[in-house]
Amino acid sequence: MGNDKARILEMLKAGKVSVDEAEQLLDALDQRPASDQAPAIPAEAPSAGAGRKCRFLRVLVKGDGNETVDVRVPMQLLRAGVKLGALMPPEARAKLDTALGEKGMHFDLANLTPETVEEFVEAMSELSVNIAGDDGETVRVFCE
Amino acid sequence: MWPPSILRIRIAGEGSKRISLWIPLFLLWPLIFVAAMIFPAAMRLSPRLREKSGIAYGFTAGPQLWMAFASARGMRVDVRDGDSRVFVEFW
């Protein structure tokens, strides 16, 4: 745990995180039990920043009890999924659009092009979401 | 892009029930690669296969399916609740 705190302080010193972000990270560390092997703080700043390639989308959720969720999804998988979706037969795509529309999601899958996904991935490189609840729940979403 | 070599699975339940698996995905690479390359060609050659739209989609999407499989490298899901844990990671 001491290494994690030192890493956070180094990031603060280097200006990679703000004071508020460092405080939230330190609070999250303090709330972890000593024997807990929950996901460690990432070595890089939570927000990848402009110009830094986003390779993984990371989601960390900690509940008010001992529940933790750590998900890391490669961005390349998103790109591959879009290319796979482009091969979908038009009939199937129309059915899917109709089903989404019935659920209130009026989204045209034909607009989901590789160029759109690249713009989305580039925008995600600056994404950093930190949510802290009153009961100690935390949600962090960022790119690494 | 290299596909994932190993699939790690860990499941821990309440008490002492634990399952830990290391699945060597690299043993499946040749099979998946050959299927991804041969199926689209087979679909083009066989009119009967083209009649089945679902199968046709699967066959033509062979290379893209391979890319999607390869893109899974590094994906990790770790869910814990007390002593219970489900961990899946593609190496």
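Worth pointing out:
- Strands (runs of 3 or more DSSP E) lying entirely in region A:59-144 (those with 2 or more residues that are over 17 Å from residue A:24 (Cβ atoms) and aliphatic (A, V, I, L, M)): A:67-74
- Residue within region A:76-94 that is touching a Lys or Arg at 6+ places or on another chain (Cβ under 9 Å), more than 26 Å from residue B:85 (Cβ to Cβ), within 14 Å of another protein chain (Cβ to nearest Cβ) and modelled with pLDDT of 75 or more present: yes
- Note on region B:63-81: among residues that are over 17 Å from residue B:6 (Cα atoms) and in contact (Cβ under 8 Å) with a residue 24 or more places away in the chain, the one that is nearest to the other protein chains (Cβ to nearest Cβ) is B:65.
- Selection count where residues are within 14 Å of another protein chain (Cβ to nearest Cβ) and more than 10 Å from residue B:91 (Cα to Cα), scope region B:1-17: 5
The values are calculated or read from the model by the stated rules, or taken from the named source; none is laboratory data. As the structure is a computational prediction, the values presented were derived from the model and not from experiment. Positions of Cβ are backbone-derived with ideal geometry, glycine not excepted, and every protein chain shown enters the neighbour counts.
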